[in-house]
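Asker: To start, I am sharing the structure in question, which I have written as structure tokens.
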Amino acid sequence: MGRRRRKGRATSPTSSIVDRLKNRGLMLLLFETPTGFAVFRSSEVFFHLPDNMEGIWANFADEGQANFVVMRKEFQTFEDKASAINAAGVNKQLADMISRWLLPEMKLDVGKPEYKTIIESTLGITCVHNGIVMEIMWGIQHLLHKLVPKEKTEVAKEDRLPMSQGLKMLLSRYGFDVKPEMVNERIVKTASALFECDAVYNICSSYLCECSLRFKNISGINCENWSALKLATALKVIFCPEEEQGNDFREVLSEDELLKSKGEAPKYYGILSAAKCLRTYEKIRSVYRVRIEKKILLGSLIKKTKQACEAEQA
């Protein structure tokens with residue numbers, strides 16, 4: 001049983017989604033490996049989160065994170081995998097494995113549209129095959145030998161799934177053109193770290209935008225083209241001007257901007273929350289250098305991988 005909610009306590013967006021779904025959002029996922037099939041538990045919540053396609057892949061940067069998204073329940077090899085599921089139906093071995101873990105009215109994620117058609121018509125199980133499912137499938141394939149350790153065979157080049165669309169979007173946003181065969185574990189981990197940095201910026205962006213409007217309306221300071229770090233630093237100066245010694249204020253703000261922020265500071269007391277401004281500054285500052293370092297590292301890793309691929313092809 002779940003914990004009883006306290007009266008008046010706000011529920012998280014994820015909790016409210018779970019409450020609306022059957023089986024509290026639990027789904028079953030059928031993953032095809034080189035020698036058999038694995039069954040995982042997953043969650044339908046990922047289908048209802050905002051910008052879900054952009055971030056699922058980042059959960060598969062390592063095995064620890066992936067275990068929060070999927071949980072392996074069973075893996076079986078098949079002597080004749082082609083006979084396990086085909087136009088004739090689903091054989092008993094695979095059907096028994098699926099039914100063993102299926103709860104009433106539970107949906108099944110599958111990696112091929114033909115599997116959806118076959119399983120729905122022969123087993124009467126509602127199947128899901130869409131872009132989000134394929135992002136999760138890509139993640140499992142990326143960590144195949146960690147998530148399915150009994151599978152020793154490598155995925156054949158022609159059977160590899162296309163690159164995650166979310167990962168592709170992030171790499172493109174940072175100006176990297178990466179072919180699917182170039183993606184390796186270090187690239188995914190580094191890209192995931194960049195994604196986490198971006199997530200911090202996104203979380204802080206609406207508050208920084210609000211502060212920017214305050215600066216313009218109260219002090220006539222136009223922050224429209226300021227970076228997140230510059231705006232967050234101005235907030236730090238307003239509430240902690242005495243901490244200039246040992247901080248990098250002058251690396252971010254010009255002398256005029258620094259003096260203006262100090263001089264205008266009293267106007268913001270009681271209007272802006274000191275605690276929130278300082279938390280925002282610490283968050284932005286903590287990821288700023290990480291973001292730069294990870295972008296440089298990612299570029300280096302991609303360059304090396306590209307050279308290795310070209311040498312192999314030659």
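Asker: On the given criteria, is LEU49 part of a loop (DSSP other than H, G, I, E, B) and either at pLDDT 75 or above or surrounded by 11 or more Cβ atoms within 10 Å (Cβ to Cβ) (or both)?
Answerer: Values: part of a loop (DSSP other than H, G, I, E, B): yes; either at pLDDT 75 or above or surrounded by 11 or more Cβ atoms within 10 Å (Cβ to Cβ) (or both): yes.
It is true that LEU49 is part of a loop (DSSP other than H, G, I, E, B) and either at pLDDT 75 or above or surrounded by 11 or more Cβ atoms within 10 Å (Cβ to Cβ) (or both).
Asker: Can you work out which of the residues in region 216-243 that are under 28 Å from the mean Cα position of the chain (by Cα) and among the aliphatic types (A, V, I, L, M) is surrounded by the most Cβ atoms within 10 Å (Cβ to Cβ)?
Answerer: Within region 216-243, the match that is surrounded by the most Cβ atoms within 10 Å (Cβ to Cβ) is ALA232.
Asker: Let me ask another. Let me confirm something: among LEU208, LEU213, LEU194, which residue is in a helix (DSSP H, G or I), among the hydrophobic types (A, V, I, L, M, F, W, C), closer than 16 Å to CYS277 by Cβ and open to solvent by less than 60 Å² (accessible area, probe 1.4 Å)?
Answerer: Working: LEU213 fails: open to solvent by less than 60 Å² (accessible area, probe 1.4 Å); LEU194 fails: closer than 16 Å to CYS277 by Cβ.
Of LEU208, LEU213, LEU194, the one residue that is in a helix (DSSP H, G or I), among the hydrophobic types (A, V, I, L, M, F, W, C), closer than 16 Å to CYS277 by Cβ and open to solvent by less than 60 Å² (accessible area, probe 1.4 Å) is LEU208.
Asker: Scan GLU114, GLU74 and give me the residue that is open to solvent by 30 Å² or more (accessible area, probe 1.4 Å) and part of a strand (DSSP E or B).
Answerer: Details: GLU114 fails: part of a strand (DSSP E or B).
On inspection, the qualifying residue turns out to be GLU74.
Asker: Just name the residue that is farthest from the chain's Cα centre (by Cα) out of those in region 266-284 that are assigned to a helix (DSSP H, G or I) and buried (at least 16 other Cβ atoms within 10 Å of the Cβ).
Answerer: Of everything passing the filter in region 266-284, TYR268 is farthest from the chain's Cα centre (by Cα).
One line per residue, one yes/no per condition, for (1) in contact (Cβ under 8 Å) with a residue 24 or more places away in the chain; (2) open to solvent by 10 Å² or more (accessible area, probe 1.4 Å):
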residue	(1), (2)
CYS127	no, no
VAL133	yes, no
LEU147	yes, no
MET169	yes, yes
GLY175	no, yes
LYS179	yes, yes
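Asker: Among residues belonging to region 79-132 that are modelled with pLDDT of 95 or more and among the basic types (Lys, Arg), point out the one that is nearest to the chain's Cα centre (by Cα).
Answerer: LYS112
Asker: So, in region 77-111, exactly how many residues are free of Cβ contacts under 8 Å to residues at least 24 places away in the same chain, surrounded by 13 or more Cβ atoms within 10 Å (Cβ to Cβ) and closer than 14 Å to VAL39 by Cα?
Answerer: Residues that pass the stated criteria total 1.
Asker: Being over 20 Å from the mean Cα position of the chain (by Cα) and of a type in the set (A, V, I, L, M, F, W, C): is that true of ILE136 here? Please lay out each step first, then the result.
Answerer: Working: over 20 Å from the mean Cα position of the chain (by Cα): no; of a type in the set (A, V, I, L, M, F, W, C): yes.
Here the answer is no, as ILE136 does not meet what is asked.
Asker: State whether the residues of region 302-310 include one that is in contact (Cβ under 8 Å) with a residue 24 or more places away in the chain, among the β-branched types (Val, Ile, Thr) and either closer than 25 Å to CYS204 by Cα or surrounded by 14 or more Cβ atoms within 10 Å (Cβ to Cβ) (or both).
Answerer: Let us first name the residues in region 302-310 that are in contact (Cβ under 8 Å) with a residue 24 or more places away in the chain, namely 302, 305-306, 309.
If we keep only those that are among the β-branched types (Val, Ile, Thr) as well, we get 302, 305.
Adding the requirement that they be either closer than 25 Å to CYS204 by Cα or surrounded by 14 or more Cβ atoms within 10 Å (Cβ to Cβ) (or both) leaves 302, 305.
Yes, the conditions are met somewhere in region 302-310.
Asker: All but one of (1) at pLDDT 90 or above; (2) assigned to a helix (DSSP H, G or I) hold for TRP226, so report the exception by its number.
Answerer: The single condition TRP226 does not satisfy is (2).
Asker: If GLU154 satisfies every condition in (1) open to solvent by less than 60 Å² (accessible area, probe 1.4 Å); (2) of a type in the set (Asp, Glu); (3) not in a helix (DSSP H, G or I) but one, which is the exception?
Answerer: (1)
Asker: So if I check each of LEU259, LEU229, which one is closer than 28 Å to ASP51 by Cβ and of a type in the set (A, V, I, L, M)?
Answerer: Values: LEU259 fails: closer than 28 Å to ASP51 by Cβ.
So the residue among LEU259, LEU229 that is closer than 28 Å to ASP51 by Cβ and of a type in the set (A, V, I, L, M) is LEU229.
The values are calculated or read from the model by the stated rules, or taken from the named source; none is laboratory data. Bear in mind that the values here come from a model prediction, so they are computed numbers and not experimental data. Here the Cβ is made from the backbone with ideal geometry for all residues, glycine too, and neighbour counts use every protein chain on show. These accessible areas exclude ligands, DNA and RNA; they are computed on the full protein's heavy atoms, side chains included. Shrake-Rupley method; radii C 1.70, N 1.55, O 1.52, S 1.80 Å.
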